[in-house]
1. According to the Kirkwood expression over distinct Cα-Cα pairs, how big is the hydrodynamic radius of segment 482-599, in Å?
2. Got a number for carbon plus sulfur as a percent of the chain's accessible area, 1.4 Å probe?
3. So between SER596 and SER385, what do we pick up on full extension, going 0.36 nm a residue minus the alpha carbon distance?
4. If r is the Cβ-Cβ distance from ALA141 to ASN354 and R0 is 41 Å, what FRET efficiency results, to the nearest 0.05?
5. Rounded to the nearest Å, what's the spacing between the alpha carbon centres of segment 341-374 and segment 500-566? Just the number, please.
6. Run the reach check for LYS347 against lysines, Cα to Cα strictly under 27 Å, same-chain hits fewer than 8 apart removed. What comes back?
7. If I take R0 = 60 Å and measure r between the Cβ atoms of ALA195 and ASP470 in this structure, what FRET efficiency does the formula 1/(1 + (r/R0)^6) give, to the nearest 0.05?
8. For the chain, give me the percentage of DSSP beta bridges that are antiparallel, rounded to the nearest 5 percent.
Amino acid sequence: MLSIPRTVHDRMANAIRALAMDAVEQAKSGHPGLPMGAADIATVLFSRFLKFDPAHPTWADRDRFVLSAGHGSMLIYALLHLTGYESVTIDELKRFRQLHSKTPGHPENFITQGVETTTGPLGQGIATAVGMALAERHMAATFGGDLVDHHTYVLASDGDLMEGISQEAIALAGHLKLNRLIVLFDDNGITIDGALSLADSVDQIKRFEAAGWAATRIDGHDPEAIAAAIAEAQKSDRPTLIACRTTIAYGAPTKAGSEKSHGSPLGAEEIAGTRKNLGWEHAPFEIPGDVLEQWRAAGARGKAAHSAWNDRLSKAAPDARAEFERRMRGDLDEARLAGAVAELKEKLAAAPQNVATRNASEFALGALVPALPEMIGGSADLTGSNNTRPKGMTTLSAADYGGRFVNYGIREHGMAAAMNGMALHGGVIPYSGTFLVFADYARPAIRLAALMGERVIHVMTHDSIGLGEDGPTHQPVEHLAALRAIPNLLVFRPCDTVETAECWELALRARKTPSVLALTRQALPQLRLARDAENRCAHGAYEISPAEGQARVSLFATGSEVSLAVEAQKLLAARGIPTRVVSIPCFELFFDAPESVRRNVIGDAAVKVGIEAAVRLGWDSVIGPDGVFIGMSTFGASAPYKELYKHFGITAEAVVEAATSRLS
Ligand SMILES: Cc1ncc(C[n+]2csc(CCOP(=O)(O)OP(=O)(O)O)c2C)c(N)n1
């Protein structure tokens, strides 16, 4: 084990403390307490254990470091600067929290190289790290330990461990025996309101042990104890929690150990006192040569490991190497994807299927999963309902990390965060399933996926009152609107088997955008009967059934309501009212489409009717404020679904009546 003299260690750690307090002071906002308290932990990890190469921040086999307590962002910025990442210069540290800096308030992986994931909402980081550790094991099982053999380290705070998502995450990690996952808990007993004991008395050691982890408690200011614990953790056959007792704002004369140091600048006097206490006589942002040298040496430590890895990669079988590199880049095998989709659509044209879109999705997955080995499926204990497991897909478990289907358990939030971590790790495209109504249970992680621009695909079935008897607790009404409100998220609601295949293709192609596929429980007719080589869903909306003659009415619908619109179209035609039907499988793609496409799709019929078994919110941008909306304005109810559609007035007759009353 690499050893570093105590005096050297202390100066290295103090450099982090000084940068943190000085940057927060300069920004007049931020969180100095955590970086100052966790500086010893971070110094030991980065100088003696972490496998990384600042010159190549995205090297595939680097260890991942996740600062789950994102408010302590100055910790990671100081580390990136000191170890020699180009992205974080001393000037960037001086611009902490300013517009367009590389040092935003909370770590954002899409802004700062070396930051592995975006954190800030407490608990997300640790749960995301579980996905990274899972992807690591899967890729190691697939490509071998020569190419994939790294750890995922997390620095987590009291807040991370109090959040409910952490329970889902640690239970999943323990169950899957993700022994490359090592959580360093900044066990400082302080939160914003004051002592942790105001609100919490959990024994974290026992809690983690109960979840199948190795867990230990050490003095988080003793470098040798930290090093010994990490070395031990690296040998464990289980994930490890190292609870490191620390003092928040270590070194500050009056604010150390106090919540006063959590989230505000220390102030000039306190900073001067801290400098004195730590024996740090250097000016703000000044890093003395000897300290910088030590840190840069720590940053250079991984070079040899990186070049040894490059050698192994270059000696790997050419096919394996090419496949590994393709998958890590996130490129799709175009020929295989296009072939699978074409074959699928050919089959559907030859033998149309009147099935629920959740079944249509299973049908699509039956073609896509064998064609795209990077797809890793799953479900939050609703596999048989979500239809996310096509035949032949084996289970990814502690006994077989090479499997491709994850039983996430009843843990929607943990699942969504783990999927983010898997996508961030690279080499896999995670998709999984739950009921649409439980999007709420996964939403904070979905939002982060959208912010980070990660390709994760959520299959969300039972997408309306059409699920029937389970009633209003299970019937989403506001969820489509709520998901559509998230920027950079594609919400697909296909109307039949062919649209479902097309939407799957679009979701897979959306490299920097997560997707939700909202799918029905109830069977629907296949409306698309022609052989269409083109992906008609690509612009988000299209005329699925033209009017005979000049349309006087345009019916816009999504998912299960498109066939209802087609029924209404026939009734209107019988009354001599030419009517067209537009399917809108994806609002976001439609709003992004070229203006000419949008104008054509919207058309100029006198009456516009929107039909969706959900709330109106968001529909005005399609039908205008004067458009008619047929949908839901209350929660649903428990009954067979056909009765519910009648009860809530979502019927072809209601559409006809609304349209004709507007025409007369
Ligand atoms: C989900 C979520 N809720 C609330 C917050 C606001 N917040 C930021 S830090 C924090 C708790 C601080 O305590 P701790 O996690 O122990 O960090 P420390 O005080 O040790 O820096 C809270 C409530 C948040 N970032 N995320």
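The values are calculated or read from the model by the stated rules, or taken from the named source; none is laboratory data. Note that the structure is predicted; figures quoted are calculated from it, not measured. Reconstructed Cβ throughout: ideal geometry from the backbone, glycine too, with neighbour counts over all protein chains shown. Quick note on the areas: whole protein, heavy atoms, side chains included, nothing else; ligands and nucleic acids left out. Shrake-Rupley method; radii C 1.70, N 1.55, O 1.52, S 1.80 Å.
1. So the Kirkwood estimate lands at 14.8 Å.
2. 51
3. Net length gain for the segment: 72.0 nm.
4. For ALA141 and ASN354, the calculated efficiency is 0.55.
5. 15
6. Partners found: LYS391.
7. 0.85
8. 10
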